[in-house]
1. Answer with yes or no whether A:Pro148 is surrounded by fewer than 21 Cβ atoms within 10 Å (Cβ to Cβ) and assigned to a loop (DSSP other than H, G, I, E, B).
2. Can you say whether B:Thr313 is part of a helix (DSSP H, G or I), surrounded by fewer than 17 Cβ atoms within 10 Å (Cβ to Cβ) and more than 21 Å from the chain's Cα centre (by Cα), as far as the supplied structure shows?
3. Taking segment A:202-247 only, how many residues are out of contact with any Asp or Glu (no Cβ under 9 Å at 6 or more places or on another chain), crowded, with 17+ Cβ neighbours inside 10 Å and of a type in the set (Lys, Arg)?
4. Does A:Leu327 fit the bill of being over 23 Å from A:Met209 (Cα atoms), surrounded by 15 or more Cβ atoms within 10 Å (Cβ to Cβ), over 20 Å from the mean Cα position of the chain (by Cα) and at pLDDT below 95?
5. Being under 16 Å from A:Leu133 (Cβ atoms), surrounded by fewer than 16 Cβ atoms within 10 Å (Cβ to Cβ) and of a type in the set (A, V, I, L, M, F, W, C) is the filter here; which residues of segment A:282-296 pass it?
6. Within segment A:303-319, is even one residue among the acidic types (Asp, Glu), farther than 17 Å from A:Gly120 by Cβ and modelled with pLDDT of 95 or more?
7. I need the full set of residues from segment B:135-144 which are surrounded by fewer than 24 Cβ atoms within 10 Å (Cβ to Cβ) and of a type in the set (A, V, I, L, M), in order please.
8. Which of the numbered conditions does A:Pro22 fail, given that it passes all the others? Conditions: (1) buried (at least 18 other Cβ atoms within 10 Å of the Cβ); (2) within 10 Å of chain B (Cβ to nearest Cβ); (3) of a type outside the set (A, V, I, L, M).
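The values are calculated or read from the model by the stated rules, or taken from the named source; none is laboratory data. The model shown is predicted, which means the values in this text are computed figures rather than measured ones. A quick note on method: Cβ atoms are made from the backbone with ideal geometry, for glycine too, and the neighbour counts reach across all protein chains shown.
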Amino acid sequence: MRKLKFSQAINEAFEIAMQINPNVICYGLGVDDPKGVFGTTLGLKEKFGKDRVFDTPASENAMTGIAIGASLNGIRPVMTHQRLDFSLLSMDQIINNAAKFHFMFGGQHTVPITIRMITGRGWGQGPTHSQNLQSIFAHIPGLKVVMPTTAYDAKGLLLSSIFDDNPVIFIEHRWLHNLESDVPEGDYRIEIGKSKKISDGFDLTIVSMSYMTVEAIHALEILKKSDIHCDLIDIRSVKPMDWTTIFHSVKKTGRLLTLDTGVGQGSVSSDIIAEVCHNCWSSLKAQPERLSLPDMPTPTSPSLTKHFYRRSEDIINIVSKMLGKDLDGYALIDRDGLPHDVPGDWFKGPF
Amino acid sequence: MEHTLKINLFKKLFKIRTVEETIADKYTEWEMRCPTHLSTGQEGVAAGVCQALEDDDFVFSSHRSHAHYIAKGGDIRKMIAEIYGKSTGCSAGRGGSMHLIDKSVGFLGSTSIVGGTIPLAAGVALSVKLKNSSQVTCTFFGDAAVEEGVFYETINYAVTNKLPVLFICENNLYSVYSPLSVRQPENRNIFEMVEGIGISVDHGNGNDPWEVFEKSRNAVGKIRELQIPIFLEFSTYRWREHCGPFFDNDIGYRTETEFLHWKEKDPLQFFENMLLEQRVIDESQIQSIKAGIIDEVNEAFQFAHDSDFPDFTGIQNSVYHS
């Protein structure tokens with residue numbers, strides 16, 4: 001099958017959505033600039049015109065309110081933030097209006113907006129250019145939150161998000177943009193709220209999200225060589241969460257490791273552990289573990305981030321410990337000299 | 001034509017006053033169990049502006065929203081039922097006094113966060129433009145809303161992109177108990193400051209409903225013709241406390257003298273006298289209009305009182321549209 005990069009898959013989803021529905025519009029700072037938000041919005045203005053694809057002032061809160069207002073009258077706006085951190089300026093509109101309007105007005109309004117937020121890690125993005133704040137949005141009833149990992153999921157989930165009648169926070173990890181996968185042509189949808197099983201095993205359940213799923217896949221390849229086989233569930237949707245698949249897996253393996261791209265305290269990964277303890281207590285053979293960022297702002301210097309981010313090596317070590325084995329991830333993985341703060345040799349910054 | 005307009009405007013003013021004062025009377029029965037911000041004294045702006053709008057034009061409002069809802073033609077039975085928390089309320093009992101809606105007359109909603117609906121109006125105006133419609137979208141807010149960042153963001157965007165929005169600032173001098181003097185520089189008029197952003201502005205006496213109507217009609221005409229946003233500031237005064245049914249001139253943040261000064265400028269009495277002087281209407285016609293409205297309002301309260309409360313069962317399934 002044809003392979004596309006994650007960023008190309010996003011671009012294709014836009015193109016399909018805008019072709020099939022004239023009410024879909026795309027805006028945000030820089031969506032029509034020469035870089036096209038890491039390539040994700042390139043060419044859209046040329047195809048669909050400046051009324052439907054446009055740059056905006058640096059007014060995140062108003063622009064979000066404008067998306068909500070337009071959506072109340074039948075438009076399906078897709079907003080893009082080149083960094084999730086900028087969306088924090090629009091929390092009032094997202095939480096007080098977008099998330100509430102359907103419920104608060106007795107079901108008479110729908111708010112079909114999609115807000116893309118790009119998160120990241122490495123290359124010194126630092127405290128305010130790489131925050132993974134999915135848990136904040138997951139805390140808000142009325143929002144849906146998705147975090148695709150593969151190009152295939154990115155396309156199908158973006159199309160589902162755009163045509164969902166509820167506000168959807170669409171979180172893209174910058175380190176996934178260059179990742180390729182099989183992507184069918186044409187329109188297809190992935191149901192929001194359905195996870196994806198990446199691998200099967202009886203030893204342990206790993207529940208992961210977004211970029212951490214990539215690290216988990218690498219870790220599982222190494223673990224297999226030591227005859228350790230895990231269920232790897234890529235949640236894809238943070239809200240609603242596919243609890244059925246997670247509980248089913250934990251009841252089978254009895255062990256749970258959750259991976260998070262964000263800080264551990266008050267996180268999605270903590271919430272998964274809480275729900276599993278509540279629903280699968282008698283099946284648990286070991287205490288659940290969580291691999292997440294330390295409870296501190298993201299530092300900038302490469303010497304500091306080296307110990308801040310979680311990698312395949314750390315996954316191997318924690319899985320090994322949970323199973324009473326003695327593997328050393330750092331000895332088992334050869335990164336071939338690739339620095340820890342880039343996703344691959346394609347990435348040379350600056351953002 | 002003008003005769004009918006004036007009578008309709010009077011009806012709006014009297015209906016708002018009657019609803020608000022009936023709420024004040026009945027609030028201490030404690031059946032209306034939500035924060036309630038009354039519009040008594042400020043009827044002139046709501047009635048005058050909405051009289052200048054068409055039925056299919058859109059309106060948003062803020063926490064003090066009753067007058068705007070009623071002036072746009074919102075169903076008062078559903079409004080009172082909403083304040084009573086009943087299932088027959090305009091928001092099915094989920095919103096209360098601060099979250100009113102009547103889509104059938106273009107009243108798209110009111111919200112409680114200061115400035116919160118200002119960008120929504122610009123968004124609806126954007127959708128109107130994309131659909132090549134000629135509708136005008138109006139948003140009402142108070143003098144404190146111009147202290148919010150989203151106000152500047154929205155005006156800037158609306159001007160830059162020529163969005164057909166009517167921004168109405170009701171300057172009633174107070175934000176809760178905080179006077180303008182602690183919030184905005186002395187001798188700086190709001191409308192003049194806003195004009196600096198590049199939007200067309202005007203200002204007027206909010207307690208003269210006819211002046212409000214004429215300025216609004218003029219603005220709405222320009223918005224439709226030129227596809228531009230316009231900002232209007234009207235001075236007015238809230239008679240009762242910020243939130244609740246009582247008067248609060250004794251607690252120290254404003255004076256009885258100031259209140260009486262503004263009460264002298266009662267927009268309802270002013271307009272009633274004007275219609276009588278102009279012989280648009282006579283005393284017996286006024287009494288007949290008032291009696292009809294009082295009956296309608298009483299019936300709305302009875303309806304609200306008699307309606308059922310919503311059931312909690314299953315309500316969690318109403319968070320998302322499916």
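1. Against the criterion (surrounded by fewer than 21 Cβ atoms within 10 Å (Cβ to Cβ) and assigned to a loop (DSSP other than H, G, I, E, B)), A:Pro148 does not qualify.
2. Numbers: part of a helix (DSSP H, G or I): no; surrounded by fewer than 17 Cβ atoms within 10 Å (Cβ to Cβ): yes; more than 21 Å from the chain's Cα centre (by Cα): yes.
So B:Thr313 does not fit the description; no.
3. 1
4. Details: over 23 Å from A:Met209 (Cα atoms): yes; surrounded by 15 or more Cβ atoms within 10 Å (Cβ to Cβ): yes; over 20 Å from the mean Cα position of the chain (by Cα): yes; at pLDDT below 95: no.
Spelling it out, it is not the case that A:Leu327 is over 23 Å from A:Met209 (Cα atoms), surrounded by 15 or more Cβ atoms within 10 Å (Cβ to Cβ), over 20 Å from the mean Cα position of the chain (by Cα) and at pLDDT below 95.
5. Correct list: A:Met296 only.
6. Step one: filter segment A:303-319 for residues among the acidic types (Asp, Glu), giving A:313-314.
After this cut, where a residue has to be farther than 17 Å from A:Gly120 by Cβ as well, the list is A:313-314.
If we keep only those that are modelled with pLDDT of 95 or more too, we end up with A:313-314.
Scanning segment A:303-319, I find at least one residue that is among the acidic types (Asp, Glu), farther than 17 Å from A:Gly120 by Cβ and modelled with pLDDT of 95 or more, so the answer is yes.
7. Within segment B:135-144, B:Ala144 is the sole residue that qualifies.
8. (1)
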